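Everything below concerns the one structure shown next.
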Amino acid sequence: METRPAQENRYVVRLGLVGQASVEDAYQLTGAKILHLMIVAILEQGGPLDLEQMVARLERAGVPSRVGNLAVSVQKAWAGRPPIYRDTHGRFDLDLQYWELPWLLRGLGLLPPPKGPAIVPEPSPPPPSPAPSEPLSQDEVTAAFRDASLYGFAASRQVAAVLDGYGSPLALEAVEEILAGLTRWRFAFDQTRVRYWKTPLVSLGPEGLAHLNRDCPELLEMRAMVRERARPHYERLAAQQRSEDYARAARERERLAREAETAQERNRSHAVLRLVRLPDGRAGCAALLDVERREIRTFLPKEMADLPQALGRHDALAGLDVRDALEVLGLAPYDWKLEELRPSERTVRLNRAGRRLRITFELVSRSTTGIQRPLADPEVLAGYIAKATWGRLRRRLESDVKALYAIRQYAALHGYVRLRWGFIDDVLSLEWTAFSEATLLPALHAAQESGETIALVLGGAPGWAEPWSRVRRCRVLRVERGRAQLAFEGEQFIEAIPLEDIQALYRL
């Protein structure tokens, strides 16, 4: 097994890795698990590895097996976990678009830090405490005494701290009220007890006010004790501020990354692929829909050689089992941003007895777009090919790719697809929409703020030939709790429309 040089390794170039990946280097990292080492091995190879090759590479790096069989450990460590998947040949390959892959690679030291505001540095040492000659502040007194136990703190020093913080004599009742408001874990005192205090730190004047003796030697010791009690409070505030700074910087980096991804998405050329495979697994025919141009091109068996070139004109590709389709065509899946239209969930639980509903693409299509038969029966298509009924085959391929396009547009608008069956009315995330910004809510909120009129298509998916035929013009009054309150043109009543019922939104 030969490792491709960094300049020829398309994985390294595509991900922007820092240098060449090495299983030995990754193994030296504390906490590097077998799954992580498998990722590094695939990156190092620059392509997929079968089980035997993967085990041999890890053995050369000295990776042990807890069960005594590294092949078993590799399969247990993977167990279908992303970002590793099995290709059509059963080899381990890497999903370069998996959302968590950049974090994994940064942890392995293979990616530079994300772009954006720098991580907030550790704070400089706190400023020195005020000199003992500096009077206490009210904030220091509050920080020291708030909800604290003062049973072991002399009552005279409690009073002295309050007087020092306020900077003037106070009635004893006022001091007691201040301290009682700070904590209940203390003994109350009155004027009778104060007269028996032996310390000259606090005295009662003839007017009944408590005075602080600022010449008393105990004053400096009292201030030091109060400030020591207050120190944990200020340390907690500093730690909280540091956490807030980190969170603020992380949110800013995330915002900038989202804006960059949105800008990149606007510049991408999107296509929807419908590939029909023959009974022997080979590619039989296909249809390709250009999303931006709204053009459909079909590829009959004799035209399939032109399909790779047509796919190369696009940056993002949507479809059913789209990664497998590209591998059947002999193309590298990582050359496109893939938009898989089949939900990752295969079943949904119906009751406590364990009965489950199988999630099929047909069920998702009916639930989401209202299209009852999104895809033709493979046997019917195989019959068209066998009988060379090319006209019917082209029409059926166009119909299929339009149904896939309807699902793709709904998922891009909402960030999910629907599942409705009996009492079930739920949503399913698709891998490529789970961590992306759906466009519906921002568009509705923008229309609400501006008061502009928008056009919506409700119910089923808009038709391909005349997508505007069922639009309804309206103003957005409010968006909350999964519904939009809309005032439609020519209608007197305000309607609350579930967001899931919106199939398309057009700005006027």
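The values are calculated or read from the model by the stated rules, or taken from the named source; none is laboratory data. Quick caveat: nothing in here was measured; it's all calculated off a predicted structure. As a convention, Cβ positions derive from the backbone with ideal geometry for all residues, glycine included, and neighbour counts pool all protein chains shown.
Filter the range 418-444 down to the residues that are at pLDDT below 90 and of a type in the set (Gly, Ala, Ser), then identify the one that is surrounded by the fewest Cβ atoms within 10 Å (Cβ to Cβ).
The selected residue is 422.
Condition first: polar (S, T, N, Q) and either farther than 25 Å from residue 439 by Cα or in the same structural domain as residue 412 (by TED's automatic domain parsing) (or both). Now tell me which residues in the range 234-263 satisfy that. Lay out the reasoning, then the answer.
Taking the range 234-263 and keeping what is polar (S, T, N, Q), we get 240-241, 243, 262.
Across the range 234-263, the qualifying residues are 240, 241, 243.
Considering the range 212-261 alone, what residues qualify as being polar (S, T, N, Q) and loosely packed, with under 14 Cβ neighbours inside 10 Å?
Just the residues of the range 212-261 that are polar (S, T, N, Q), to begin with: 213, 240-241, 243.
Of everything in the range 212-261, those that are polar (S, T, N, Q) and loosely packed, with under 14 Cβ neighbours inside 10 Å turn out to be 240, 241, 243.
Does the range 395-404 contain at least one residue that is more than 24 Å from residue 357 (Cα to Cα) and not in a helix (DSSP H, G or I)? Give the steps one after another, and end with the answer.
Kept after step one, since they are more than 24 Å from residue 357 (Cα to Cα), are these residues of the range 395-404: 395-402.
Filter once more, keeping what is not in a helix (DSSP H, G or I): none.
No, every residue in the range 395-404 fails to be more than 24 Å from residue 357 (Cα to Cα) and not in a helix (DSSP H, G or I).
Yes or no: residue 268 in contact with a Pro (Cβ under 6 Å, 6 or more places away or on another chain) and under 30 Å from residue 84 (Cα atoms)? Walk me through it before giving the result.
Working: in contact with a Pro (Cβ under 6 Å, 6 or more places away or on another chain): no; under 30 Å from residue 84 (Cα atoms): yes.
For residue 268, the condition - in contact with a Pro (Cβ under 6 Å, 6 or more places away or on another chain) and under 30 Å from residue 84 (Cα atoms) - is not met.
State yes or no: is residue 278 of a type outside the set (S, T, N, Q) and surrounded by fewer than 19 Cβ atoms within 10 Å (Cβ to Cβ)? Walk me through it before giving the result.
On the way: of a type outside the set (S, T, N, Q): yes; surrounded by fewer than 19 Cβ atoms within 10 Å (Cβ to Cβ): yes.
Yes.
Taking interchain pairs and intrachain pairs at least six residues apart, which have beta carbon atoms under 7 angstrom, with the first residue in the range 443-460 and touching a residue at least 40 places away in the same chain (Cβ under 8 Å) and the second exposed (fewer than 15 other Cβ atoms within 10 Å of the Cβ) and among the acidic types (Asp, Glu)?
Partner pairs satisfying both residue conditions: 458/501; 459/501.
Just a yes or no: is a residue in the range 271-287 assigned to a helix (DSSP H, G or I) and either touching a strand residue (DSSP E or B) at 6+ places or on another chain (Cβ under 8 Å) or within 28 Å of residue 365 (Cα to Cα) (or both)?
If we filter the range 271-287 for residues that are assigned to a helix (DSSP H, G or I), which is where we start, we get none.
Scanning the range 271-287, I find no residue that is assigned to a helix (DSSP H, G or I) and either touching a strand residue (DSSP E or B) at 6+ places or on another chain (Cβ under 8 Å) or within 28 Å of residue 365 (Cα to Cα) (or both), so the answer is no.
Filtering the range 2-39 down to residues that are modelled with pLDDT of 80 or more, small (Gly, Ala, Ser) and part of a loop (DSSP other than H, G, I, E, B), which residue is farthest from residue 81 (Cα to Cα)?
Step by step, filter the range 2-39, then rank; the result is 16.
Here's the yes/no breakdown for (1) at negative phi; (2) outside any helix (DSSP H, G or I); (3) buried (at least 20 other Cβ atoms within 10 Å of the Cβ); (4) out of contact with any helix residue (DSSP H, G or I) (no Cβ under 8 Å at 6 or more places or on another chain):
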{"position": "381", "(1), (2), (3), (4)": "yes, no, yes, no"}
{"position": "393", "(1), (2), (3), (4)": "yes, no, yes, no"}
{"position": "408", "(1), (2), (3), (4)": "yes, no, yes, yes"}
{"position": "454", "(1), (2), (3), (4)": "yes, yes, yes, no"}
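Here are 224, 161, 230, 239: which of them is free of Cβ contacts under 8 Å to residues at least 12 places away in the same chain, of a type in the set (A, V, I, L, M, F, W, C) and assigned to a helix (DSSP H, G or I)? First the steps, then the outcome.
Working: 224 fails: free of Cβ contacts under 8 Å to residues at least 12 places away in the same chain; 161 fails: free of Cβ contacts under 8 Å to residues at least 12 places away in the same chain; 230 fails: free of Cβ contacts under 8 Å to residues at least 12 places away in the same chain.
Among 224, 161, 230, 239, only 239 is free of Cβ contacts under 8 Å to residues at least 12 places away in the same chain, of a type in the set (A, V, I, L, M, F, W, C) and assigned to a helix (DSSP H, G or I).
Does residue 208 satisfy the condition of being surrounded by 11 or more Cβ atoms within 10 Å (Cβ to Cβ), farther than 23 Å from residue 227 by Cα and in the same structural domain as residue 138 (by TED's automatic domain parsing)?
Values: surrounded by 11 or more Cβ atoms within 10 Å (Cβ to Cβ): yes; farther than 23 Å from residue 227 by Cα: yes; in the same structural domain as residue 138 (by TED's automatic domain parsing): yes.
So residue 208 passes the test.
Return the only residue of 203, 137 being modelled with pLDDT under 90, assigned by TED's automatic domain parsing to the domain that holds residue 227 and either surrounded by 15 or more Cβ atoms within 10 Å (Cβ to Cβ) or of a type in the set (A, V, I, L, M) (or both).
Details: 137 fails: modelled with pLDDT under 90.
Just one listed residue meets the conditions, 203.
Take the conditions among the β-branched types (Val, Ile, Thr), outside any loop (DSSP other than H, G, I, E, B), assigned by TED's automatic domain parsing to the domain that holds residue 23 and closer than 26 Å to residue 324 by Cβ and apply them to residue 55. Does it pass? Even if it seems obvious, please write down each step before you answer.
Values: among the β-branched types (Val, Ile, Thr): yes; outside any loop (DSSP other than H, G, I, E, B): yes; assigned by TED's automatic domain parsing to the domain that holds residue 23: yes; closer than 26 Å to residue 324 by Cβ: yes.
In short, yes.
Assigned to a helix (DSSP H, G or I) and under 17 Å from residue 333 (Cβ atoms): which single residue out of 250, 310, 263 fits that description? Let's see the steps before the verdict.
Values: 250 fails: under 17 Å from residue 333 (Cβ atoms); 263 fails: under 17 Å from residue 333 (Cβ atoms).
One residue alone meets the criteria, 310.
Tell me, please, whether a residue that is outside any loop (DSSP other than H, G, I, E, B), of a type in the set (A, V, I, L, M) and more than 19 Å from residue 412 (Cβ to Cβ) can be found in the range 353-371.
yes
Do we find a residue being touching a Phe, Trp or Tyr at 6+ places or on another chain (Cβ under 6 Å), more than 16 Å from residue 409 (Cβ to Cβ), surrounded by 14 or more Cβ atoms within 10 Å (Cβ to Cβ) and not assigned by TED's automatic domain parsing to the domain that holds residue 48 anywhere in the range 303-314?
yes
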